[in-house]
Ligand SMILES: C[S@@+](CC[C@H](N)C(=O)[O-])C[C@H]1O[C@@H](n2cnc3c(N)ncnc32)[C@H](O)[C@@H]1O
């Protein structure tokens with residue numbers, strides 16, 4: 001087995017190709033955001049993301065219970081055809097942004113996660129397999145940015161974060177910590193692997209939720225960045241109580257009308 005690039009009580013990072021490292025690991029849940037078609041040209045794997053993703057799926061360790069794939073709302077879901085049909089489909093999850101942005105004519109409203117495998121354990125607070133998370137606090141913090149003068153800054157994405165540091169997160173496609181934390185909370189029991197780790201968002205979310213995790217990343221500078229984020233984060237022992245996973249109250253505009261209708265009827 002290849003030596004870890006980094007290891008602490010909660011997280012282990014391997015620097016290398018996930019197609020070689022993943023088969024040597026064990027986990028219950030994979031949560032990942034693979035290099036997708038038309039991703040930033042600087043991201044490794046951009047030459048043939050379909051093949052890369054399909055090859056990763058082929059080497060998922062036996063015994064893995066769930067595979068959660070996060071994509072942007074403009075990513076072609078046919079990309080998921082690399083997932084063997086033996087994986088049962090669970091559901092789609094909508095990972096909205098409180099503040100959408102534009103990408104050309106497209107109103108960029110959020111990300112989407114596709115969940116495959118067997119449902120997670122039935123535990124208190126997670127009886128319902130929910131499907132919607134809205135990121136609020138990190139909209140500003142996770143603006144995609146390729147600024148490289150990040151040394152000495154803070155990238156943990158916590159509420160009291162220095163905006164400037166996170167805005168300069170030197171990875172072209174970091175996902176929002178709030179969304180990823182929600183996925184970890186919803187779908188994993190004790191352990192998570194992210195074979196396309198990037199800046200380490202999944203590992204950071206897992207650590208904040210007291211889950212152990214493993215990340216694999218082919219680019220060393222992103223491994224270094226993930227280590228930095230993990231080592232700057234402070235263990236949060238009560239993430240739910242402290243509002244880490246708290247969701248804003250969503251107003252469904254027609255609810256009261258429907259109730260009225262029911263009453264009248
Ligand atoms: C879309 S990014 C993931 C971003 C991540 N979710 C985050 O929040 O930072 C995909 C990552 O996969 C990495 N990658 C590409 N090919 C890989 C491979 N064969 N093995 C491991 N990592 C790979 C890229 O370097 C990139 O950082």
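Can you tell me which residue within region 112-122, out of those that are touching a residue at least 24 places away in the same chain (Cβ under 8 Å) and surrounded by fewer than 18 Cβ atoms within 10 Å (Cβ to Cβ), is nearest to residue 62 (Cα to Cα)?
118
Filter region 55-78 for residues that are assigned to a helix (DSSP H, G or I) and within 12 Å of the ligand (Cβ to nearest atom); which is nearest to residue 121 (Cα to Cα)?
Only one residue fits best here, namely 56.
Among the residues of region 179-190, is any more than 9 Å from the ligand (Cβ to nearest atom), more than 22 Å from residue 97 (Cβ to Cβ) and buried (at least 24 other Cβ atoms within 10 Å of the Cβ)?
Within region 179-190 (the criterion being more than 9 Å from the ligand (Cβ to nearest atom), more than 22 Å from residue 97 (Cβ to Cβ) and buried (at least 24 other Cβ atoms within 10 Å of the Cβ)), the answer is yes, since at least one residue qualifies.
Going by what's in this entry, would residue 37 be described as within 19 Å of the chain's Cα centre (by Cα), more than 9 Å from the ligand (Cβ to nearest atom) and surrounded by fewer than 20 Cβ atoms within 10 Å (Cβ to Cβ)?
Taking the combined requirement at face value, the residue satisfies it.
For region 40-71, give me each residue that is under 15 Å from residue 174 (Cα atoms) and crowded, with 19+ Cβ neighbours inside 10 Å.
43, 69, 70, 71
Can you say whether residue 232 is farther than 29 Å from residue 116 by Cβ, modelled with pLDDT under 90 and more than 10 Å from the ligand (Cβ to nearest atom), as far as the supplied structure shows?
Here the answer is yes, as residue 232 does meet what is asked.
Just to be sure, is residue 147 in contact with a helix residue (DSSP H, G or I) (Cβ under 9 Å, 6 or more places away or on another chain), over 25 Å from residue 10 (Cβ atoms) and either surrounded by fewer than 18 Cβ atoms within 10 Å (Cβ to Cβ) or at pLDDT 95 or above (or both)?
It is true that residue 147 is in contact with a helix residue (DSSP H, G or I) (Cβ under 9 Å, 6 or more places away or on another chain), over 25 Å from residue 10 (Cβ atoms) and either surrounded by fewer than 18 Cβ atoms within 10 Å (Cβ to Cβ) or at pLDDT 95 or above (or both).
So, in region 1-16, of the ones that are over 19 Å from the mean Cα position of the chain (by Cα) and assigned to a loop (DSSP other than H, G, I, E, B), which residue ends up surrounded by the most Cβ atoms within 10 Å (Cβ to Cβ)?
Taking the candidates together, the pick is 5.
Considering only region 200-225, state which residues are buried (at least 24 other Cβ atoms within 10 Å of the Cβ), within 7 Å of the ligand (Cβ to nearest atom) and not in a helix (DSSP H, G or I).
Selection gives 200, 216, 217.
The values are calculated or read from the model by the stated rules, or taken from the named source; none is laboratory data. Treat the numbers as computed from the prediction; the structure is a model and nothing was measured. So basically every Cβ, Gly included, is an ideal-geometry build from the backbone, and we count neighbours across all protein chains shown.
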